[in-house]
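Engineer: Take a look at the following structure, please.
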There are 2 protein chains.
Amino acid sequence: MKFAEMTCARFLEALASPDPTPGGGTAAAMAGAMGTGLLVMVTGLAKSKTSSDAEKAALAAARQALQPLIPALTELADADAAAFDQVMSAYRLPKATDNDKAARSAAIQAALQGATTVPLQTLRACAAAMAHAETVAGDGNRSAVSDVGVAIGLLEAAAAGAEANVRINLASVRDLKFTSAASDETGRLISAVNRQAAAARSQLA
Amino acid sequence: MKFAEMTCARFLEALASPDPTPGGGTAAAMAGAMGTGLLVMVTGLAKSKTSSDAEKAALAAARQALQPLIPALTELADADAAAFDQVMSAYRLPKATDNDKAARSAAIQAALQGATTVPLQTLRACAAAMAHAETVAGDGNRSAVSDVGVAIGLLEAAAAGAEANVRINLASVRDLKFTSAASDETGRLISAVNRQAAAARSQLA
């Protein structure tokens, strides 16, 4: 069953169970979806009756960009759990013969790359959402200022959580071209998230 | 319908809708429940086969304290939306006569105190969960280090979101004894949350 189809209570129970999945990567993606949802809410509230056409158009464009990120992030919540399950399955493969060992090692490496790629996609989605936070903060209704603040905080926590999951899996990946590209992109995305969060917060003050 | 009984997809839809509730206060409480859930998960994973009895007992005590905070936080997610709806209803009361005006003003003040108390309770619950993060980080299984990191980030974001909701409502409350007590407690709780988050993170390094 997909996490989006579970009740919130059931999802929280699954998080709290000692099974390794769903874990932090899934929770990060769901927190990103919540933060994005709050931003979408505020795009639905015009600043005032006197909002300029440019302000209205900017909010509408942000809304259109943000909306598809919510289902994308809930899919990534599922993908994160699946990717981690793959890693564990790979570690459980037989290692009796040299052939076994080589096959197991290849499976582990492939699974670890998958378990890196998924949180990297979560990080990309959080960065894509945060890219609109300043517009939403500046052109959205002032009565929603605390909603935007919570959205920014959740997206930051989600992005940092996704980054932690990228880096912990990346540490065991042996393909240096892959690790270097993933590490560089992760660093760039986190910088952008932090910069955009600060710019958005300055609109709320 | 309670948020805990909604599917995650339906809850996210409700957050994203332009209706003012559920908003940031509800999202903060749910993020706190997710962070707490991840900590509970890690209390279910002993550090190693050689964990000392003291480590096992500390994890078990943390688990017992953390578990009830999950349903408490989902209840607060509902209570936050209800409290905000009360504020909006109070503002909609008639103000034709002086009697109307006095009754409306009293209703607004009562509702604003409610809308301050609920996120303050959310903040207390997040602080209560964060109080165990250092133990979970130190005595939990090392393989869950990124899960604990995500939990800390979500609880920080939830606590900051709850604080923002306390302060924005408190700004319109006129009872100075109430505002001063709530403001003092909020400051103390946020300091404790930040201190405990730093202590827990130092165990993860």
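The values are calculated or read from the model by the stated rules, or taken from the named source; none is laboratory data. Not measured: the values here are computed from a predicted model. When we count neighbours, we look across all protein chains shown, and the Cβ atoms used for this are built from the backbone with ideal geometry, even at glycine. Note: accessible area is taken over every heavy atom of the protein model, side chains too, but ligands, DNA and RNA are not part of it. Shrake-Rupley method; radii C 1.70, N 1.55, O 1.52, S 1.80 Å.
Engineer: Could you state the accessible area per residue of the protein assembly as shown in Å², with a 1.4 Å probe and every protein chain left in place?
Structural biologist: 42
Engineer: If you don't mind, there's one more thing I want to ask. Just to confirm the numbers: B:Asp53, label point 7 angstrom along the Cα-Cβ line, distances to the other copies in nm, shortest first?
Structural biologist: 7.9
Engineer: As an exercise, find the ratio Rg/Rh for the protein assembly as shown from alpha-carbon atoms, using the Kirkwood inverse-distance average for Rh.
Structural biologist: Result for the protein assembly as shown is an Rg/Rh of 1.01.
Engineer: Moving to a separate point now. Order A:Ile168, A:Ile70, most accessible first, counting only protein heavy atoms with a 1.4 angstrom probe.
Structural biologist: Largest accessible area first, the list is A:Ile168, A:Ile70.
Engineer: Can you list the aspartates and glutamates whose alpha carbon sits under 19 Å from that of A:Lys2, skipping same-chain ones fewer than 8 residues off?
Structural biologist: A:Glu13, A:Asp19, A:Glu75, A:Asp78, A:Asp80, A:Asp85, B:Glu5, B:Glu13
Engineer: Let me ask something additional. Per-residue HN-Hα couplings for the stretch B:168-176, Karplus 6.51 cos²θ - 1.76 cosθ + 1.60 at θ = phi - 60°, whole Hz, x for Gly and Pro?
Structural biologist: Running phi through 6.51 cos²θ - 1.76 cosθ + 1.60 with θ = phi - 60° gives 5, 6, 4, 4, 9, 7, 9, 6, 5 Hz.
Engineer: Where along chain A is the Cβ that lies nearest the axis linking it to chain B, and how many Å separate them?
Structural biologist: Residue plus distance in Å, as requested: A:Ala157, 2.
Engineer: Moving to a separate point now. Lys and Arg at +1, Asp and Glu at -1: add these up for the other residues within a Cβ distance under 14 Å of A:Ala82 and post the number.
Structural biologist: Charge balance near A:Ala82 sits at -4.
Engineer: Now for a separate question. Partner chain Cβ atoms within 10 Å, averaged over the residues of B:114-120 - can you pull that number for me?
Structural biologist: So the per-residue partner count for this stretch is 0.
Engineer: Nm distances between the label at A:Arg167 and the same-position labels in the remaining copies, 7 Å along Cα→Cβ, shortest first?
Structural biologist: 2.8
Engineer: Can you compute 3J(HN,Hα) from phi for each residue in the stretch A:102-111, using the Karplus curve 6.51 cos²θ - 1.76 cosθ + 1.60 with θ = phi - 60°, rounded to whole Hz and x for Gly and Pro?
Structural biologist: 5, 5, 5, 4, 5, 5, 4, 5, 5, 5
Engineer: Straight-line reach from B:Lys49: which lysines have Cα under 16 Å away, leaving out those fewer than 8 places along the same chain?
Structural biologist: Leaving aside lysines fewer than 8 places away in the same chain, none come within reach of B:Lys49.
Engineer: Which value, in Å² and to the nearest 10, is the accessible area of A:Asp184 when all protein chains are kept and the probe is 1.4 Å?
Structural biologist: 90
Engineer: Can you tell me the relative contact order of chain B? Whole percent, Cα pairs under 8 Å, sequence separation 6 or more.
Structural biologist: 29
Engineer: I'd like the Karplus ³J(HN,Hα) series for the stretch A:17-24: coefficients 6.51, -1.76, 1.60, θ = phi - 60°, whole numbers in Hz, and an x wherever there's a Gly or Pro.
Structural biologist: After applying 6.51 cos²θ - 1.76 cosθ + 1.60, I find 5, x, 4, x, 10, x, x, x Hz.
Engineer: Now for a different question. Am I reading the B/A interface right? What is its buried accessible area, both sides, 1.4 Å probe, to the nearest 100 Å²?
Structural biologist: Its buried surface, counting both partners, is about 3100 Å².
Engineer: Work from the charge dipole of chain B (Cβ charges, +1 for Lys and Arg, -1 for Asp and Glu, about the Cα centre) and give the residue of B:Ser180, B:Ala162, B:Ala81 farthest towards its positive end.
Structural biologist: Farthest along the dipole direction, towards plus: B:Ser180.
Engineer: Going Cα to Cα from A:Lys177, which aspartates and glutamates come in below 14 Å? Please leave out same-chain ones fewer than 8 positions away.
Structural biologist: A:Glu185
Engineer: Kirkwood Rh, Cα Rg: Rg to Rh for chain B?
Structural biologist: 1.07
Engineer: Per the Debye formula with a single identical scatterer at each Cα and no solvent contribution, what log10 I(q)/I(0) holds for the stretch B:4-110 at q = 0.12, 0.18 Å⁻¹?
Structural biologist: -0.61, -0.90
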